[in-house]
Amino acid sequence: MYKYCVRCGRRVSEDEPLINGYCIDCYLKYKGIFVTKPVLNITICPRCGSWMYRGEWRDPLPLREIIRRILISEAYRFIDRQHVNLLDATILSEPYKINESQYAVKALLHVVIEEYYPLNLEKEIVLNINRKVCPKCLAYAGKSHRALVQIRSVNGSFSREEEKIINKAISDPGVAGDIVEIKKNKYGLDVKLLTSVAAKRLSTILSRLTGAKIIESFKPVRYNPDKGRWSGITTLSVRLPSIKKGDLVEFEGRPGVVRDISPHGIKIEFLDDGRTENIKFEKYWSGDLKKAENLVYSETYSVIAEDKTTIYLLDEETGNIIDYPRTKTLANISVGDKVRAVRVRDKVYMIKNSELGGNNA
C-alpha cells in the first residue's frame, strides 16, 4: 500500500513515514525542524572564561563547547519535538556578527526525524552574547570572602612536615580554585575562601592528615528575606597537634614514647611493658594522651654486649659501663645499637634510640 505527500504528491512506500502528511524532502523544505527561530543566550565572564547557565556559574570551557552544551540543553524550545529528536551538535564556526547586538554560528545538528530518518543538518544559530564578571572574579578583585580557615599550631609555629601537609591541602583541586587570599601572621596561616564548602574541605583534609582539631563558627552579616536566612562569614579554626615522633607521653597514667604519627592515630610504645598501641587523636585533644612533664631523656649508651637476661651499656662520655635487664622494650636489641635513658620520677627506662626520630641525641 502506498502513501502520497500532500505537498508534492510523491508516492512513498508503506515503511517510509509521512511527517504531518509531508514526505521528508517537503518537510525539510517547507516546514523545517524548527518551530521558532533558534536563539541562545550566552553569558561568559570576560576575566576567567567561566559561563552561566540557568543561574549557575560553570567552569571555563572553549566557547564552541559552551555553545554546543547550551544548544543541546535549550533545543526543546525551538525544535519540532513532536517529530524531531536532536542527538548531538557540532559547532562549525566561531561566532560572527549578524547585526549590532547579535552574533551567530554555523552548527551541524545530528537529528532523527520520525524515528526513521537520521540526518546531519547544517543550521545557523543566533547568539545573544553577554559578558558579565562572575562572583569569583568579583571576590578576587575586592578580596571579599565567605569563609575563613585559621590554621594554627599548638607549638606556635609550623614544622617543615606540617608546612608540606598544609601546602598539599591548599593545592587540592576542590580548594585551590576558591582561595581568595592567604596571609601569614605570627599566629599561623589565614586562608580566605569564596565558599564554606571549600573551607570545610580544606579543614577536613588537614584533620585527616594531621589529626587537627576543628572549631566552626558563623558570623552573620546580612539577612536575605527572599531565602529566609542570614549570609555571613564561616570561620573554621584548625589547630594542629603539638605532638611528634619521639615525644615522651603519658596515656591514662602510663609512660610511653611516640613511635609514629599517621592519619590513623598516634602509635605509642609503653615503657612499662614494651607493648605498642594506636591511640586516636580524640584522646590527645581530650587530654587522656598528653606530653609527660615528669618524663625526660637523659644519657645515651652504646650496647657493647648482651645475653638472654642482660644488656651491657657503655656511656661513651664518661666511660662508665652499666648492666640493664633485657626488658620487653629491648627484646630486639643487639651489640652496636644505641639506647637512651628515660627518667620517670625515680625510675629509669631504656629505649632503643635509633627509633626516636627527631629527638635522637
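The values are calculated or read from the model by the stated rules, or taken from the named source; none is laboratory data. Computed from a prediction, not measured in an experiment: that's the story for all the values here. Ideal geometry is used to build each Cβ from the backbone, glycine not excepted, and the neighbour counts take in all protein chains shown. Surface areas here come from the heavy atoms of the whole protein model, side chains and all, with no ligands, DNA or RNA. Shrake-Rupley method; radii C 1.70, N 1.55, O 1.52, S 1.80 Å.
Please report the antiparallel percentage of DSSP beta bridges with both residues in the chain, rounded to the nearest 5. Present the calculation step by step, with values, prior to reporting the outcome.
Details: 90 of 103 bridges.
Of all bridge pairs located within the chain, approximately 85 percent are antiparallel.
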Relative contact order of the stretch 255-355: what whole-number percent is it, with Cα pairs under 8 angstrom and at least 6 residues apart? 23
Applying the Karplus parametrisation 6.51 cos²θ - 1.76 cosθ + 1.60 with θ = phi - 60° to the phi angles of the stretch 187-200, what ³J(HN,Hα) value in whole Hz is obtained for each residue in order, glycine and proline being reported as x? 8, x, 10, 10, 10, 8, 10, 6, 10, 6, 4, 5, 5, 5
Can you tell me the accessible area per residue over the stretch 143-240, all protein chains present, probe 1.4 angstrom, in square angstrom? 60
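What dipole magnitude, in Debye to the nearest 20, does the chain give about its Cα centre under +1 on Lys/Arg Cβ and -1 on Asp/Glu Cβ? Show your work: numbers first, answer last.
Values: 59 positive and 46 negative charges, 361 e Å.
Around 1740 debye, computed over the chain.
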How large a share of the accessible area of the chain, in percent, is made up of carbon and sulfur atoms when the probe is 1.4 Å and the other protein chains stay in place? 48
Given a 1.4 Å probe, how much area per residue of the stretch 255-355 is accessible, in Å²? 56
Hey, what do the phi angles of the stretch 243-249 turn into as Karplus ³J(HN,Hα) couplings, whole Hz, using 6.51/-1.76/1.60 and θ = phi - 60°, x for Gly and Pro? 10, 8, 4, x, 5, 8, 9
Here the stretch 321-326 yields Karplus 3J(HN,Hα) values (6.51, -1.76, 1.60; θ = phi - 60°; whole Hz; Gly and Pro given as x) of 10, 10, 10, 9, x, 6
For residue 190, net neighbour charge (Lys/Arg +1, Asp/Glu -1) across residues whose Cβ lies under 9 Å away: +2
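How high is the relative contact order of the chain? Use alpha-carbon pairs under 8 Å, at least six apart in sequence, and give a whole percent. Kindly include the intermediate steps, with their values, before the conclusion.
Details: 684 pairs, mean separation 32.6, N = 361.
Dividing the mean separation by the residue count of the chain yields 9 percent.
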Treating only the Cβ atoms of Lys and Arg (+1) and Asp and Glu (-1) as charged, compute the dipole magnitude of the stretch 153-303 about its Cα centre; round to the nearest 20 debye. 760
Lys/Arg Cβ at +1, Asp/Glu Cβ at -1, dipole of the chain taken about the Cα centre: which of 327, 339, 255 is farthest positive-ward? 255
Debye equation applied to the C-alpha atoms of the stretch 143-240, log10 I(q)/I(0) at 0.10, 0.14, 0.15, 0.16 Å⁻¹: -0.26, -0.50, -0.56, -0.63
Say we join alpha carbon atoms closer than 10 Å with springs in a Gaussian network model of the chain; which of 351, 113, 166 then has the biggest fluctuation? 113
For the stretch 33-131, what is the percent of antiparallel DSSP beta bridges, rounded to the nearest 5? 80
How large is the accessible surface of residue 216 in square angstrom, using a 1.4 angstrom probe and rounding to the nearest 10? 110
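Write down the Å³ per residue value for the convex hull defined by the alpha carbon atoms of the stretch 33-131.
Dividing the Cα hull volume of the stretch 33-131 by its residue count gives 95 Å³.
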If DNA, RNA and ligands are ignored and the probe is 1.4 Å, what is the ranking of 8, 23 by accessible area, most exposed first? 8, 23
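Cα-Cα pairs above 24 Å in the stretch 255-355: how many percent?
Numbers: 1379 of 5050 pairs.
Of the Cα pairs, 27 percent sit more than 24 Å apart.
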Students sometimes get this wrong: rank 36, 327 by accessible area, probe 1.4 Å, all chains present, largest first. 36, 327
When ranked by the protection proxy of mean other Cβ atoms within 10 Å per residue, highest first, what sequence do the peptides 316-323, 13-20 form? 13-20, 316-323
For a quick check of understanding: with a 1.4 angstrom probe and all protein chains in place, what accessible area in square angstrom does residue 101 have, to the nearest ten? 80
Restricting to Cα pairs under 8 Å and 6 or more apart, the percent relative contact order of the stretch 143-240 works out to 38
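Would you kindly work out the equivalent ellipsoid of the chain from its C-alpha gyration tensor and give its semi-axes, the square roots of five times the eigenvalues, largest first in whole Å?
Working: eigenvalues 1094, 138, 56 Å².
In descending order the semi-axes read 74, 26, 17 Å.
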